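Report on the following structure.
No value in this document is a laboratory result; all are computed from the given coordinates. No experiment lies behind these values; they were computed from the predicted model shown. Virtual Cβ from ideal backbone geometry, glycine too; neighbours counted across all protein chains shown.
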Amino acid sequence: MNKKLWGGRFEKDTDSLVEKFTASIDFDKNLYKQDILGSMAHARMLAKTGIISKEEAAQIIKGLLEIKMEIERDEFEFTYELEDIHMHIEKRLFEKVGAVAGKLHTARSRNDQVALDMHLFVKEKIEEVIKNIDLLMNTLWELSLKHQNTVLPGYTHLQRAQPIYLSEYFKAYYYMLKRDKKRFVKAKENADIMPLGACALAGTTLPIDREYVKEQLDFSKVYENTLDAVSDRDFVIEFISASAILMVHLSRMAEDLILWSTSEFDFIELDDAFSTGSSIMPQKKNPDVLELIRGKTGRVFGNLISILTIMKGLPLSYNRDMQEDKEPLFDTANTVISCLAVLPGLLETMKIKKENMKKAVEDSFIDATYYAEYLVKKGMPFRHAHEVVGKMVSYCIKKNKKLRDLSFMELKNFSTLFEEDVKDENKVFYN
Ligand code: ARG
């Protein structure tokens with residue numbers, strides 16, 4: 001019979017379909033680093049409290065470091081029989097250091113072990129996300145400084161609304177990212193709590209020292225409640241939720257840039273290095289990177305719904321359903337980091353067609369609000385001014401003119417409040 005690490009009470013081998021069905025090794029091998037780090041801290045704690053000897057801890061730690069190297073050199077063999085990363089490492093430790101390996105799992109369960117791995121993973125990924133947000137924020141800020149005088153139409157309902165400076169456009173995304181960063185900082189704070197010592201669900205009668213594990217692993221606090229420690233995945237939900245909101249922002253930016261790169265807008269041209277071609281239409285240069293950012297937003301939203309749904313009906317405390325927390329988390333981290341990483345280069349290299357942006361402003365009635373507010377400044381109630389300028393627009397359409405083409409005499413016909421200064425103030429957008 002093929003003995004499992006938990007096989008004491010079992011008289012039959014596990015069905016091979018069940019083995020494969022319950023195994024998480026395909027994805028939780030991603031946690032090997034965190035798992036080994038956590039085990040080393042746990043072994044040191046067991047030695048410090050006298051639960052195992054210092055020599056035993058040293059042997060275990062040496063074995064764990066060797067295993068880490070084997071995994072990193074791709075020399076480690078993964079198999080469904082061993083279910084998950086925790087069992088793989090423990091089994092290999094037996095092969096390396098013999099019976100003493102059996103002492104590592106003292107005062108620990110896979111329930112608090114996997115929770116610890118997940119906390120370490122989330123903390124690390126949040127740091128990576130924040131670093132990438134910072135880089136993108138820098139790029140947006142630089143671009144905003146460069147384009148303080150670049151004018152383009154601002155849109156509502158995707159209709160030309162009022163002229164804006166391109167700097168403000170970049171800053172709008174800068175501020176969205178600033179809020180995103182705040183959400184990730186908060187998510188990290190909430191993930192910064194150490195669950196080990198909760199064991200399966202109810203702690204242990206052994207004299208463990210959780211504070212010591214906390215300090216070694218650089219956590220700022222330990223869980224107050226053991227049931228909560230093994231069954232809490234709020235920190236995963238918060239990470240994915242902050243990621244989903246971030247993806248909304250990246251997706252909207254992608255959408256704007258995709259529109260701007262069409263021949264219809266023609267406001268920007270993506271650099272060759274950041275676009276792709278069509279296999280059939282030789283003339284095409286496609287914004288695939290941006291489309292993928294927009295598209296990948298869907299999987300992050302999906303991951304959020306997955307994790308919320310996995311958790312919503314679980315009785316306390318640990319349930320195997322929670323193994324399903326990993327793929328949404330890993331996928332979210334990969335997606336968000338890769339989307340953030342590709343954007344600075346794309347933004348820095350894209351060509352901004354200032355002339356076309358300006359022309360779009362000039363070709364429109366986008367200055368209508370300016371004229372209305374001009375009349376307000378001269379004492380006309382806004383509703384009345386709105387109507388006067390509406391009539392001016394209608395007149396211009398019939399005469400095939402723009403508002404700025406109207407002569408002073410024509411303006412006077414619409415309202416005697418128009419004075420010579422009307423053209424001066426407006427010049428900022430038409431130079
Ligand atoms: N692979 C499991 C998970 O990811 C590890 C914990 C297993 N615990 C258990 N009691 N079967 O959740």
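Annotations for the structure displayed:
- With both labels modelled 7 Å from their Cα along Cα-to-Cβ, the Ala341 to Tyr175 distance reads 3.1 nm.
- Other residues within the sphere of radius under 10 Å centred on the Cβ of Glu238, judged by their own Cβ, net out at +2 (K and R +1, D and E -1).
- Taking Cα centre as origin and charging only the Cβ of basic (Lys, Arg, +1) and acidic (Asp, Glu, -1) residues, the dipole magnitude of the stretch 1-102 rounds to 520 debye.
- Summed residue charge, Cβ within 14 Å of Phe274's Cβ, Lys/Arg positive, Asp/Glu negative: -4
- Across the stretch 34-116, the mean sequence separation of Cα contacts (distance under 8 Å, 6 or more residues apart), normalised by length, yields a relative contact order of 37 percent.
- Given their separation in residues at 0.36 nm each and the Cα-Cα distance between them, Thr49 and Arg299 gain 85.4 nm when the chain is fully extended.
- Theoretical gain in end-to-end length, Asn319 to Phe94 [0.36 nm per residue, Cα-Cα removed]: 78.3 nm
- Of Lys391/Lys423; Lys123/Lys351; Lys171/Lys296; Lys182/Lys285; Lys103/Lys214, pairs whose Cα-Cα distance is over 30 Å: Lys123/Lys351; Lys182/Lys285
- The calculated FRET efficiency for the pair Ala161 and Trp141, based on their C-beta separation and a Förster distance of 25 Å, comes to about 0.50.
- Centroid-to-centroid separation of the stretch 350-378 and the stretch 36-62 [C-alpha atoms, Å]: 70 Å
- For the chain, the membrane-span-like helix rule (DSSP H, alpha carbon extent of at least 30 Å along the helix axis, mean Kyte-Doolittle at least 1.0) picks out 234-260; this says nothing about an actual membrane.
- For the chain, the pair-distance distribution built from all alpha carbon pairs, in bins 20 Å wide starting at 0, is 21, 38, 24, 13, 4, 0 percent.
- Among the listed pairs Lys131/Lys326; Lys33/Lys186; Lys181/Lys359; Lys12/Lys62; Lys146/Lys181, those beyond 29 Å (Cα-Cα): Lys181/Lys359; Lys12/Lys62
- Size descriptor for the stretch 274-431, Kirkwood hydrodynamic radius: 21.4 Å (Cα pairs only, one decimal).
- Positive contributions from Lys and Arg (+1) and negative ones from Asp and Glu (-1), summed over other residues with Cβ under 9 Å from the Cβ of Ile307, come out at -1.
- Gaussian network model of the chain, springs between alpha carbon atoms under 10 Å - residue of Lys146, Lys351, Lys377 with greatest fluctuation: Lys377
- Here the simple spin-label model places points 7 Å from the Cα toward Cβ, and for Val376 and Lys62 these points are separated by 8.0 nm.
- Rel. contact order, % - alpha carbon contacts under 8 angstrom, at least six apart, the chain: 15 percent
- For the peptides 400-411, 133-144, residues were scored by their other Cβ atoms within 10 Å and the scores averaged per peptide; the highest-first order is 133-144, 400-411.
- Treating r as the C-beta distance of Asp272 and Phe414 and R0 as 45 Å, the FRET efficiency rounds to 0.35.
- Cβ charges +1 (Lys, Arg) and -1 (Asp, Glu), total dipole of the chain, debye: 1200 debye
- Helix-only [θ]222 nm of the chain, DSSP H runs n ≥ 4, -39500 (n - 2.57) each, per residue, nearest 500: -20000 deg cm²/dmol
- Residue among Ala244, Val230, Asn356 farthest towards the positive dipole end of the chain, charges placed on Cβ: Asn356
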